[in-house]
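Worksheet for the structure shown next.
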Amino acid sequence: MEKVLLFGSGEFGARVCRYLKNKGITPIAFLDNNESKWGKIVEGVGVISPIDIRKYEYDRVAICVNDTIYEEIYSQLEKELQVEKAKIVHWTYWQRKDFLEYYSRKKVEDPEKKQVIEAIENGDKLRAFNYDFIEKYKDTVSCILDESCGLYYANYNGKKLYLNRKFSSKGAGEKYIESLLIEQDEKSPHRYLDNSFIFEGGVLLDCGAAEGNFSLELVERAEKIILVEADDSWNEALKKTFEPWKEKVVIVNKYIGNKDDDDFVSINTLAKEYDLDFIKMDIEGAEVEALSAATELLESKKNLKLAVCVYHNLEDEEKVREILEPRGYACENTSGYMVFPDNMEQPPRLVHGVLRIKKDE
């Protein structure tokens, strides 16, 4: 059995630990730079100081952190802790092996799929976007600290896009903004709009707004924007970003779901207050549930457009189509394929990124 150490004992590391245990691999220990975590137990595994790595024999050290600080941790392991390069792996190391084993048994005819599989074979990790276009964004973003509020921001298509306080360093902020640019590249499977599927104005509902980059691009064209974001750590940053347009931007700190209470709001309820023209949805796999509860709007509204993420769960695209196509909507995939390794409860597979949806006239 492989002897594995995990660097990073947060929720991300805990998920990797559970995934490995399901494969019959129990990690030896977590390494963590946060001194307050040393000596604690996570998923039945102890947390130690990185310097204590020298006390252990191991085959792999998996870096289980967000990619915004991945290179920093890699450098720490290699240079400070003298870990052999061959033993340092990305947290997707085992998922990549599963992915390649699965597709080695499949007869893949689609040239686009073949291209992605080949890129993963030639790489060392499993990415959401396994395409060359991601490289053009490396080291292209510059974040600036706004000393008046203590938040970092970057120039995003000519407008200031603020980040929340979790981004406490310039470098982490820059990596995050790079990831947003990658998502919306013209070749990206995650791109919401293109030249034939556009936002023509009116009222925009942004479900899962996060930092608000999608709405920021369209703010000058919109009559009204409703930003729905359950993570309240984004509230302050969203207010700063949209301050120049605050008269037409509403922030709703709730989840989009199939009910209405202190934590959730349904699309139908929002549609009673706002005459929605466009809905963007990126809500971590809850898209099907939210749309299932929006049938009143879906059936009554004419000229409604939706851009819905369908990569979080393997069956999401099929289920979204089942809701919308019988109601007269045409659903078109973005080009290309994604992999979503973050959902470790399902096997890593090639999936489409976004469905662009409009009434089939």
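The values are calculated or read from the model by the stated rules, or taken from the named source; none is laboratory data. Quick caveat, the model's predicted, so the values are computed rather than measured. Here Cβ is always computed from backbone atoms with ideal geometry, including for glycine, and neighbour counts include all displayed protein chains. With ligands, DNA and RNA removed, areas are computed over all heavy atoms of the protein, side chains included. Shrake-Rupley method; radii C 1.70, N 1.55, O 1.52, S 1.80 Å.
Worth a mention:
- Residue in the range 309-317 that is in contact (Cβ under 8 Å) with a residue 60 or more places away in the chain and within 12 Å of L291 (Cβ to Cβ) present: yes
- Some residue of the range 161-180 being farther than 27 Å from L304 by Cα, hydrophobic (A, V, I, L, M, F, W, C) and under 14 Å from the mean Cα position of the chain (by Cα): yes
- Selection within the range 93-129 - outside any helix (DSSP H, G or I) and either basic (K, R) or crowded, with 16+ Cβ neighbours inside 10 Å (or both): R105, K106, K107, K125, L126, R127, A128, F129
- Among the conditions (1) over 29 Å from Y19 (Cβ atoms); (2) open to solvent by 40 Å² or more (accessible area, probe 1.4 Å); (3) not hydrophobic (A, V, I, L, M, F, W, C), the only one that E315 does not satisfy is (1).
- One residue from E247, E223 being out of contact with any strand residue (DSSP E or B) (no Cβ under 8 Å at 6 or more places or on another chain) and either open to solvent by 10 Å² or more (accessible area, probe 1.4 Å) or under 24 Å from E183 (Cα atoms) (or both): E247
- For the condition at pLDDT 95 or above, open to solvent by less than 70 Å² (accessible area, probe 1.4 Å) and in contact with an Asp or Glu (Cβ under 7 Å, 6 or more places away or on another chain), R60 qualifies.
- Applying the criterion of being of a type in the set (D, E) and either part of a loop (DSSP other than H, G, I, E, B) or over 30 Å from T241 (Cα atoms) (or both) to the residues of the range 130-152, the residue that is least open to solvent (accessible area, probe 1.4 Å) is D139.
- For N155, the stated conditions hold: it is in contact (Cβ under 8 Å) with a residue 12 or more places away in the chain and outside any loop (DSSP other than H, G, I, E, B).
- Residues being among the charged types (D, E, K, R) and in a strand (DSSP E or B) - total across the range 207-248: 2
- So V249, is it β-branched (V, I, T) and within 20 Å of the chain's Cα centre (by Cα): no
- On the stretch given as the range 203-220, residues that are without any contact (Cβ under 8 Å) to a residue 40 or more places away in the chain and either over 21 Å from A154 (Cα atoms) or open to solvent by 50 Å² or more (accessible area, probe 1.4 Å) (or both) total 1.
- Residue among G158, G150 that alone is at pLDDT 95 or above and among the small types (G, A, S): G150
- Against the test of being in a helix (DSSP H, G or I) and either in contact with a helix residue (DSSP H, G or I) (Cβ under 9 Å, 6 or more places away or on another chain) or open to solvent by less than 40 Å² (accessible area, probe 1.4 Å) (or both), the options L306, L297, L355, L276 yield a single qualifying residue, L297.
- Matching residues, the range 52-92, being assigned to a helix (DSSP H, G or I), more than 23 Å from K37 (Cβ to Cβ) and in contact (Cβ under 8 Å) with a residue 12 or more places away in the chain: none
- Subset of the range 325-337 that is crowded, with 19+ Cβ neighbours inside 10 Å and out of contact with any strand residue (DSSP E or B) (no Cβ under 6 Å at 6 or more places or on another chain) - its residue that is farthest from E284 (Cα to Cα): G336
- Total residues in the range 318-332, condition farther than 22 Å from S266 by Cβ, of a type outside the set (A, V, I, L, M) and in contact (Cβ under 8 Å) with a residue 24 or more places away in the chain: 1
- If you filter the range 20-46 down to residues that are assigned to a loop (DSSP other than H, G, I, E, B) and closer than 22 Å to N66 by Cβ, you find that the one that is most open to solvent (accessible area, probe 1.4 Å) is K40.
- Single match in F214, F197 (criterion: of a type in the set (F, W, Y) and within 20 Å of A128 (Cβ to Cβ)): F214
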